[in-house]
Amino acid sequence: MLKKILIAGLLLQHVFNASAQHYYREGERERRRDAEVSDDQTYGDGFKREHLFIGGNLGLGMISYSFNAGLSPEIGYSLSQWLDVGALINLNYTSSKGRSLL
């Protein structure tokens with residue numbers, strides 16, 4: 001059972017790493033760089049959906065007589081190129097089993 005969970009965790013990690021990559025089409029990188037230079041002018045013009053970001057964390061841990069699981073969703077907003085604000089909630093579950101000496 002532990003091997004199946006380990007293999008599933010490793011596969012899940014590879015899926016997240018693969019989806020985090022961004023491949024540029026020809027000429028897209030230069031257009032993006034030009035847009036970043038002009039972004040300074042767009043930060044003070046009120047609320048923009050493209051400045052929102054979401055993320056989070058998932059944690060799992062197992063030892064002989066205990067199990068830990070955690071989830072931390074996050075949402076934030078970029079106020080400028082160097083300043084972001086956000087909110088994060090940590091949800092944790094822990095269980096442990098007492099070891100019998102008999």
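The values are calculated or read from the model by the stated rules, or taken from the named source; none is laboratory data. Keep in mind that what you see is a predicted model, and the values were worked out from it rather than measured. Virtual Cβ from ideal backbone geometry, glycine too; neighbours counted across all protein chains shown.
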Study note, to complete from the structure: So, first residue more than 16 Å from Leu58 (Cβ to Cβ) in segment 1-27, second residue outside any loop (DSSP other than H, G, I, E, B) and modelled with pLDDT of 80 or more, Cβ within less than 8 Å, six or more apart or across chains; the pairs are Leu2/Met62
Point to revise | Selection count, segment 40-86, where residues are within 30 Å of Ser96 (Cβ to Cβ) and not in a strand (DSSP E or B) | key: 2
Point to revise | Single residue of segment 48-102 satisfying the filter (more than 22 Å from Leu6 (Cβ to Cβ), among the hydroxyl-bearing types (Ser, Thr, Tyr) and exposed (fewer than 12 other Cβ atoms within 10 Å of the Cβ)) that is farthest from the chain's Cα centre (by Cα) | key: Ser100
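Matching residues to (1) among the aliphatic types (A, V, I, L, M); (2) modelled with pLDDT of 80 or more:
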residue: His22; (1), (2): no, no
residue: Glu28; (1), (2): no, no
residue: Phe47; (1), (2): no, yes
residue: Tyr65; (1), (2): no, yes
residue: Glu74; (1), (2): no, yes
residue: Ile89; (1), (2): yes, yes
residue: Leu102; (1), (2): yes, no
